[in-house]
Structures are given as structure tokens and as C-alpha cells.
Amino acid sequence: MLRVDKASVFFAARDGRTVHALDRVSLEIPDRAFVVALGASGCGKSTLLNAMAGFLPLSSGSIALDGAEVTGPGADRGVVFQKDALLPWKTVVENVALGLKFAGVRRAERLARAQELLRLVGLQDFGAAAPYELSGGMRQRVGIARALATDPAILLMDEPFGALDSLTREQMQELLVDVWDRTGKQIFFITHSIEEALFLGTHLVVMSPRPGRIVARYDLDFVRAFAATGDARAVKNAPAFGALRDDIRALVHETQILRTAAQ
Amino acid sequence: MTSDVAATSAPAERAHESAPRLVKMRRFGAGEGSTLPISLASGAVILAAWWIVAELRIVPHLFLPTPAEVANAAVSIFQDGYANATLFEHVGASLLRIFAAAAIAIALGIPIGLLMGLNKWAKGVFDTPIEFYWPLPPLAYLPLMIIWLGIGETSKIVLLALAMFAPIVLSAQAGVRSVSQERVNAALSLGATRFQLMREIVLPSALPEILTGIRISLGVGWGTLVAAELIAATRGIGYLIMSASHFLATDVVFVGIGIIAACAFAFSFAMRLLEAWLVPWKGQN
């Protein structure tokens with residue numbers, strides 16, 4: 001369980017003004033939960049993720065993973081970035097094994113475990129390739145496998161599919177659900193696609209900008225329906241899915257309009 | 001009239017079937033096509049112009065020997081040596097100095113440059129002397145080298161090392177700055193220690209820039225060699241050129257210049273091979 005308690009972040013902007021990026025956000029990510037944060041750019045969702053990962057200290061409030069306070073980056077929280085941060089001088093399988101190398105695992109053993117993870121994301125035949133020989137979707141799969149290698153308690157995913165074309169994106173969503181279902185990790189996932197948020201999350205938080213705060217929370221079960229049936233189209237075509245999508249779109253627009261009116 | 005139109009368009013269509021006209025997007029700038037034929041032609045024109053000017057004595061012979069005379073001088077230096085040493089002793093002496101200076105510049109430049117890229121204190125401390133001395137022409141501090149270090153090998157190698165040090169330090173520093181924050185964050189979230197971060201992320205990320213710096217510094221080294229060998233040398237290509245100039249042996253001067261050009265080119269070529277081997281990912285991503 002990852003617990004965020006009244007987290008606030010203030011930045012100093014370039015022009016000397018203070019930016020209130022995150023305003024007393026509280027959030028709980030229970031074990032096995034898939035929590036999606038949805039919001040327009042500038043709503044603080046990446047700030048929240050960076051704080052969870054330990055890249056960014058909080059101005060006030062606290063974040064704790066299984067009771068232990070987060071004070072910096074660590075292998076107990078796996079991060080998948082929007083732009084994959086793979087190392088071009090290492091092969092795909094060596095990239096996946098990187099965290100195990102840092103942990104001091106012997107080479108033969110860590111490569112064997114990395115190979116298993118490549119199988120999990122469907123890339124078992126690409127271990128010897130260089131990252132730059134892969135397509136964008138395949139690279140993100142490598143990124144997911146790499147983040148899983150150290151067996152973290154939680155996966156933090158910062159718009160990982162944002163740069164992919166829509167067909168690849170749907171494949172990746174289904175693959176991620178499969179990985180989540182099989183590994184039982186908690187996932188915190190950022191997106192600005194309403195459909196993606198509804199399809200993936202067991203919990204959804206909608207955030208609004210300036211200052212970044214959570215304006216709505218939903219419990220969802222579309223992802224469990226998909227994991228049970230494997231039929232993504234049926235899930236997305238269900239009337240309840242469409243109705244909720246329209247509600248949330250209206251909500252996001254409303255917060256946008258309020259923000260514009262306030263400026 | 002209509003039959004004329006049909007008659008004129010028919011051959012064009014047939015031509016299109018046999019060999020389609022290949023097109024590509026218009027691009028700005030020189031592009032990536034090979035310039036080898038143009039470069040070879042340019043070289044041939046320069047050689048021909050030299051030959052004509054020298055043969056027709058447009059310039060006094062003392063100033064400009066003919067290509068054939070330079071070739072003869074090269075053969076004679078190769079066989080009999082020049083100025084009390086064989087050609088290999090001259091080239092060997094210069095290579096030794098360049099290699100010694102490069103070893104010093106690399107051994108000091110890379111760690112100091114990396115440190116300057118990582119640490120505010122290191123940058124503050126080393127920036128002042130480096131920014132002060134590196135724009136200076138080596139000939140300007142050559143007298144100081146002689147006064148402080150004498151006229152032996154030390155002053156020559158130190159002069160070369162100083163000239164070669166700056167490009168390496170600056171490139172190593174730039175290499176560290178070019179490391180993407182995302183890569184660093186990724187490594188930290190995978191549990192990297194500070195040492196592992198340096199070895200696995202920072203050093204390989206900075207390597208392409210460092211190799212470019214070494215290539216530039218070798219160029220600077222060859223450029224400074226003649227100045228270094230001004231100091232009471234008895235061997236070396238720079239010394240060969242200087243001593244030939246005292247006797248107005250212009251053909252020998254040309255040979256010396258040719259040898260330096262060939263060596264510098266060979267070094268540059270070797271560095272490119274090294275880059276292709278060590279950083280095959282450069283330009284990917």
C-alpha cells in the first residue's frame with residue numbers, strides 16, 4: 001500500500017513567481033490496485049508521480065510505501081517513463097537486467113531472469129537486439145520489463161503510451177492489464193486519455209490544474225471485466241463505459257473552463 | 001491536333017514504364033550524398049595548378065618547387081635521412097611526443113572534466129585557470145616553458161599536453177551535461193548507487209563527446225608540434241621543417257608538411273574507427 005498524505009509542492013518559476021503545483025493531495029493505492037490519474041497538462045499528475053518515485057521532495061505532507069516514508073528514489077518503486085530511458089549501449093536483455101546488476105546479481109542469473117520478463121511482455125526473441133532497433137511500442141515493453149526486474153512493490157507509469165499510435169496503444173493497454181493481472185503489482189498510471197483511464201483503472205482520480213488537486217474519484221470495474229473475458233471491444237462498447245466517459249469529459253471541460261475564467 | 005497530342009504523349013508513357021523517375025523530398029543544405037568525385041577533382045585541379053605555376057616559373061623556383069622535385073626530395077629523405085637523422089627517427093620522435101602528451105592530457109583531462117560536469121566546486125575551481133589559458137596560442141607561453149622546464153623533452157611534451165588538455169576537459173564536461181535526467185532517474189529508481197550511476201550511465205553517455213574531444217585535441221597536438229620542436233630539438237618533423245627552412249630547402253619543407261598532414265589524417269581516421277567501435281549507438285536515439 002502506497003499512501004500519499006496531504007502532499008503539497010511549490011516550485012519557484014523562472015520569473016520568480018511561486019507555482020503551486022500540488023495542493024494537499026491525499027491518495028491511497030491499495031495492494032493489487034490499478035490507480036489512474038487523469039487530467040489536462042499542468043494539473044500536477046507528473047509532479048505527484050515524481051514525488052512518489054522520490055525524484056522530487058515535497059514542500060509539505062508525506063508519502064509512505066508499506067509504512068516506510070519515501071525519501072528518495074529506490075528499487076522498491078519501478079518507474080516507466082513517457083520517453084523510454086533505455087541505454088543504447090546495452091542490448092535489450094541487458095537493459096532489462098540493469099536493476100539486477102545494480103543489486104549485485106550474478107550475470108548468468110540476471111540475464112536468465114531478464115529473459116523471463118521479456119517473455120512476459122512478448123519480446124523473448126528480441127533480447128539480443130539494440131534498443132534503437134525496436135519500434136516505440138516494443139521499447140515501452142522493454143521499459144515495463146526493466147521496471148519489473150527488481151520486483152518492486154509498485155509500478156509508477158508516467159504517460160507511457162502517450163507517444164504511441166492508437167493501434168499500438170490499444171495493444172499495449174491490453175498487454176499491461178495482462179502483466180498487472182499476472183504479477184499482482186500495484187500500479188499508478190498517468191494519462192490524459194479518458195478512454196485509457198476508464199479501461200485500465202480499478203480506481204480513477206481526476207485532477208485539475210492550478211493548484212493541482214484531485215477533484216473527483218471513481219471506483220471502476222471495466223478492467224476486471226476485461227481481464228476475465230479478454231474482450232476489449234465489448235468492455236468499451238458497454239453503455240456504462242460510454243456514459244461514464246461522457247460524464248468525465250464534461251467534468252474535465254468544466255474544470256478547464258473554471259480555470260480559464262479564474263485567469 | 002488531337003492525334004498529335006496522342007503521338008507525343010505515347011513515348012513518354014512508355015519511358016515511364018521502363019524506368020520510373022525516382023523522386024525525393026527537396027532538402028536544404030549540402031545533404032548527405034558522397035562528395036568524393038568532387039573532392040578528387042578539386043585535389044587534381046590544385047595539383048595541376050601547382051605544377052603549371054612551378055613549371056612555368058610564374059613564382060621564383062626558390063619559393064615553389066615542382067611536384068616532381070618534392071617527390072624526389074621525399075625519396076631522398078626516405079633513403080638517406082635529413083639533418084643527421086633518418087626519416088623514421090624524425091617521425092618517431094614526433095610521434096613519441098604526441099603520444100606522451102596525449103596520454104597526460106587524457107589521463108588528467110577526462111577525470112577533471114567529468115568532475116567539473118558533476119560538481120559545482122570542481123567547476124568553480126578549475127574554470128578560472130582553464131578559461132584563462134586555453135584561448136592563448138601555445139607559442140605565447142612557449143618561452144615560459146623553456147625558462148621553467150629547460151630545453152629538453154619535458155618542455156616540449158608539457159607544451160603539447162597543455163594545448164591538448166583543454167579540448168578534452170571541455171568535452172568531458174559537456175558530455176556529463178548532455179546526460180539526460182531521465183536516464184539518471186531511471187537508474188536511480190532501479191537502485192543504482194552513486195558509483196554505479198557514474199560507471200553505467202554517466203561515463204558511457206559522455207563517451208561520444210569525450211572521443212570527439214580527443215579527436216580535436218590530436219588535431220591541436222599536430223598543430224602545436226612545430227612550435228614545440230622549435231625548442232632546441234635535434235629530431236622531429238617540426239625540426240625537419242624548421243631546419244630545411246634555414247637553408248631555403250623549400251622542397252624539404254613541402255615533404256615535412258606532407259608527412260604531418262598524413263600523420264594527422266591517419267590519427268583522425270583511427271579515431272573515427274575507434275568511435276565506430278566504441279559508440280556504435282552515436283546518432284541513434
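The values are calculated or read from the model by the stated rules, or taken from the named source; none is laboratory data. Because the structure is a prediction, the values reported are computed rather than measured. Cβ placement follows ideal geometry from the backbone for every residue including glycine, while neighbour counts extend to all protein chains displayed. Ligands, DNA and RNA are excluded from the accessible area calculation, which covers all protein heavy atoms including side chains. Shrake-Rupley method; radii C 1.70, N 1.55, O 1.52, S 1.80 Å.
Can you list residues from other chains, or at least 5 along the same chain, whose modelled amide H is less than 5 Å from the amide H of A:Ala85?
none
Considering the dipole of chain B built from charges on the beta carbon (Lys and Arg +1, Asp and Glu -1) around the Cα centre, which of B:Ile157, B:Thr234, B:Ala48 is farthest to its positive end?
Value computed over the given set: B:Ile157.
Could you check the simple spin-label distance between A:Asp178 and A:Ala40, using points 7 Å along Cα→Cβ, in nm with one decimal?
Spacing of the two 7 Å Cα→Cβ label points: 3.7 nm.
In terms of modelled amide H atoms, which long-range or inter-chain residues lie less than 5 Å from the amide H of A:Val79?
A:Leu156
Find the sum over both chains of the accessible area lost when B and A are paired, probe 1.4 Å, and report it in Å² to the nearest 100.
2000 Å²
Counting only heavy atoms of the protein chains, get the accessible area per residue of chain A (1.4 Å probe) and round it to a whole Å² value.
Here the residues of chain A average 44 Å² of exposed surface.
Tabulate in residue order the Karplus-calculated ³J(HN,Hα) for the range B:246-259, using 6.51 cos²θ - 1.76 cosθ + 1.60 with θ = phi - 60°, rounded to whole Hz; enter x for Gly and Pro.
5, 9, 6, 7, 4, 4, 5, 4, 4, 4, x, 4, x, 5
Eight or more residues apart or on different chains, and alpha-carbon atoms under 21 Å: count the Lys pairs in the protein assembly as shown matching that.
6
Please compute the average number of Cβ atoms from other chains found within 10 Å of each residue's Cβ in peptide A:4-10.
Neighbouring Cβ atoms belonging to other protein chains average 0 per residue here.
Quick one: with all protein chains in place, what share of the accessible area of the range B:209-285 is carbon or sulfur, to the nearest percent (1.4 Å probe)?
71 percent
Can you run the Rg to Rh ratio on chain B? Use alpha carbon positions and the Kirkwood inverse-distance Rh.
For chain B, the value is 1.15.
For the range B:76-87, take each phi angle, set θ = phi - 60°, evaluate the Karplus expression 6.51 cos²θ - 1.76 cosθ + 1.60, and give the result in whole Hz per residue in order, putting x for glycine and proline.
So the Karplus estimates, Gly and Pro as x, are 5, 5, 4, 7, 10, x, 8, 6, 6, 7, 6, 4 Hz.
Determine the shielding of peptide A:74-83 by partner chains: average, over its residues, the number of Cβ atoms on other chains within 10 angstrom of each Cβ.
Per residue, the average neighbour count from other chains is 3.
Using only alpha-carbon positions, what ratio does the radius of gyration of chain A give when scaled by 2.2 N^0.38 Å?
Taking the Cα Rg and dividing by 2.2 N^0.38 Å, one obtains 1.02.
With every protein chain left in place, what is the accessible area per residue of chain B in square angstrom, probe 1.4 Å?
Per residue, chain B has an accessible area of 60 Å².
Stretched out fully, how many nm does the piece from B:Trp277 to B:Thr154 gain, at 0.36 nm a residue minus the Cα gap?
Full-extension gain reported as 40.9 nm.
What value does the range A:144-225 have for Rg/Rh, both radii from Cα atoms and Rh as Kirkwood defines it?
My calculation puts Rg/Rh at 0.96.
Leaving out ligands, DNA and RNA, what percent of the accessible area of the range A:97-173 is carbon and sulfur, probe 1.4 Å?
46 percent
Using the charge dipole of the protein assembly as shown (Lys, Arg: +1 at Cβ; Asp, Glu: -1 at Cβ; taken about the Cα centre), state which of A:Ile29, A:Ala250, B:Phe63 has its Cα farthest towards the positive end.
The residue sitting most towards the positive pole is A:Ile29.
Starting at the first residue of the range A:82-95, write each ³J(HN,Hα) from the Karplus equation 6.51 cos²θ - 1.76 cosθ + 1.60 with θ = phi - 60°, in whole Hz, x for Gly and Pro.
Along the range A:82-95, the couplings run 5, 9, 4, 10, 6, 8, x, 8, 10, 5, 4, 5, 5, 4 Hz.
Calculate the mean, over all residues of peptide A:94-105, of how many other protein chain Cβ atoms lie within 10 angstrom of the residue's Cβ.
The shielding value for this peptide is 3.
Label the range B:20-158 by shape, choosing from rounded, prolate and oblate, from the square roots a ≥ b ≥ c of the eigenvalues of the Cα gyration tensor; if a/c is under 1.5 it is rounded, and otherwise prolate applies when a/b is larger than b/c, oblate when it is not.
Oblate, because a/c is 1.5 or more while a/b does not exceed b/c.
5 Å is the cut-off here: which amide hydrogens, built 1.01 Å from N in the peptide plane, fall below it relative to A:Ile187, excluding neighbours closer than 5 in sequence?
Long-range HN contacts for A:Ile187: A:Ala33, A:Phe34, A:Val35, A:Leu155.
Among A:228-237, A:138-147, how do they line up from the highest to the lowest mean number of other beta-carbon atoms within 10 Å?
The peptides rank, most packed first, as A:138-147, A:228-237.
Could you tell me what a quarter of the Cα convex hull surface of the protein assembly as shown works out to, in nm² with one decimal place?
Projected over every direction and averaged, the Cα hull of the protein assembly as shown covers 42.8 nm².
Could you work out what % of the accessible surface of the range B:16-155 is carbon and sulfur, using a 1.4 angstrom probe and leaving DNA, RNA and ligands out of the count?
Solvent-exposed carbon and sulfur of the range B:16-155 make up 71 percent of the total.
In nm, give the distance between the simple-model label positions of B:Leu108 and A:Gln171, each being 7 Å from the Cα along the Cα-to-Cβ direction.
The two pseudo-label positions are separated by 5.6 nm.
When ranked by the protection proxy of mean other Cβ atoms within 10 Å per residue, highest first, what sequence do the peptides A:125-136, B:202-213 form?
Result, highest mean Cβ count within 10 Å first: B:202-213, A:125-136.
Sort A:Thr71, A:Thr91, B:Thr66, B:Thr154 from largest to smallest accessible area, using a 1.4 Å probe on the heavy atoms of the protein chains.
A:Thr71, B:Thr154, A:Thr91, B:Thr66
How would you rank A:37-44, B:264-271, A:160-167, highest first, on the average number of other Cβ atoms within 10 Å across their residues?
A:37-44, A:160-167, B:264-271
What percent of all Cα-Cα pairs in the range A:87-176 falls into each 10 Å bin, going from 0 up to the bin containing the maximum distance?
18, 51, 28, 3
What does the range B:91-173 give for Rg and for Dmax, in Å, if only its C-alpha atoms count?
Radius of gyration, then largest Cα-Cα span, for the range B:91-173: 13.5, 42 Å.
Going out from 0 in 5 Å bins, what whole percent of all Cα-Cα distances in the range A:4-63 drops into each bin?
Pairs per bin, as whole percents: 5, 17, 27, 26, 16, 5, 2, 1, 0.
What is the pair-distance distribution P(r) of the range B:140-285, computed from all Cα-Cα distances in 10 Å bins starting at 0, with each bin given as a whole percent?
All Cα pairs, binned at 10 Å, distribute as 11, 28, 27, 18, 11, 4, 1 percent.
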